[in-house]
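Report on the following structure.
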């Protein structure tokens, strides 16, 4: 796959992750905790999949180290958000 | 509909808003008096929110003036049918106006260096304690961990929220003037809906994802050129290039995910 295709793949994946996060927020704010957590987990899985994809890749659309650092930061934030929600069952 | 001041004072905020909308629709001049009563009733809210921004060093009355604009906006635009409490909506708009005012004054929210440093330590302590306790730490626990007073931690948390908000808001406005993921809404969600920590974490994740998207798109579409430069070459404004780029991306998403997958609608293109 060429670099442009790789870039497009990454964009589409990020769009999918953003959609999952968006849905998670909507559901959580609507009090649908289980479904919200499920969407959040989907987003987390999406980020993890991206990390696996770009680890060791030479055709990453951005400098691989920066890209992976960013993805790890996103993963950390989303995982922490989920942990807070799971620790506070009545929060939503 | 002639109505006295005393009668207005007896009505609930929701009743006042209902009457205001009716008076506006009928061109009734009682609308002015109802508006005044709503503002009078919520001016304390403006002042208390303005006080939260005292750390910016701006004169208190200037902060109140900015917040007052937010309150007027809330009175003018509140939609009773949405089921949100007026005070929640007004708080959101008042905070928004004050933040915009402060940002316009400084280019960013001015946070004293010491508070900024403490905000960083609070974040680290929160993460550390979360790991140790297996739950979000309380304000008092963070204060004990850092050896400072709880008030200092509270101040640092407020400063941190303001810094993050301004950073997100500036980023969002710069790259997406008409966003479908409402970060303001996310950060100002009704109290009790989502814990602040969750909203901040998600907002930071979204911010990073947006930045990644921006960088990849720039590399893909513009090869180092700005949207304005690309626009000049093809005879479009920067805004039109931005919209066009969004449309292309929406089409790619639709192509790959189908109609049902994404909640994002296709943006209009100004052409």
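Bear in mind that the values in this text are calculations on the coordinates, not laboratory data. Predicted model, so just to flag it, every value in this text is computed and none were measured. Using ideal geometry, Cβ is built from the backbone for each residue, glycine included, and neighbour counts are taken over all protein chains shown.
Sequence-distant contacts, meaning Cα pairs under 8 Å at least 6 residues apart, place the relative contact order of chain A at 31 percent.
Distance between the pseudo-spin-label points of residue A:73 and residue B:196 (7 Å out from Cα toward the beta carbon): 2.2 nm. Taking the longest Cα principal axis of chain A as reference, the axis of helix A:33-54 is set at about 10 degrees.
Counting only other chain Cβ atoms within 10 Å of each residue's Cβ, the peptide A:23-33 averages 3. Computed from Cα atoms, the angle from the helix A:64-87 axis to the main principal axis of chain A rounds to 10 degrees.
What order, most packed first, do the peptides B:6-14, A:16-24, B:37-45 have when packing is the mean number of other Cβ atoms within 10 Å of each residue? Each step should come with its number before you reach the end.
Values: B:6-14: 12.3, A:16-24: 22.7, B:37-45: 16.6.
Listed from highest to lowest mean packing, they are A:16-24, B:37-45, B:6-14.
Give the shape of chain A as rounded, prolate or oblate, defined through the alpha-carbon gyration tensor: a ≥ b ≥ c are the square roots of its eigenvalues, a/c under 1.5 means rounded, and otherwise the shape is prolate if a/b is larger than b/c and oblate if not. Verdict is prolate for chain A. With coordinates expressed along the principal axes, the C-alpha atoms belonging to region B:6-67 extend over 44, 22, 16 Å, beginning with the largest.
Per residue of B:56-64, how many C-beta atoms from partner chains lie within 10 Å of its own C-beta, taken as a mean? Spell out each step's value before the answer.
Details: counts 0, 0, 0, 0, 0, 0, 0, 0, 0.
Mean number of neighbouring Cβ atoms from other chains: 0.
Calculate for chain A the 222 nm mean residue ellipticity that helices alone would give, adding -39,500 (n - 2.57) per DSSP H run of length 4 or more and normalising by residue count, nearest 500 deg cm²/dmol. -28000 deg cm²/dmol, from helical runs alone. Computed from Cα atoms, the angle from the helix A:3-29 axis to the main principal axis of chain A rounds to 0 degrees. Peptide A:68-74 has a mean shielding of 3, counted as Cβ atoms of other protein chains within 10 Å of each residue's Cβ.
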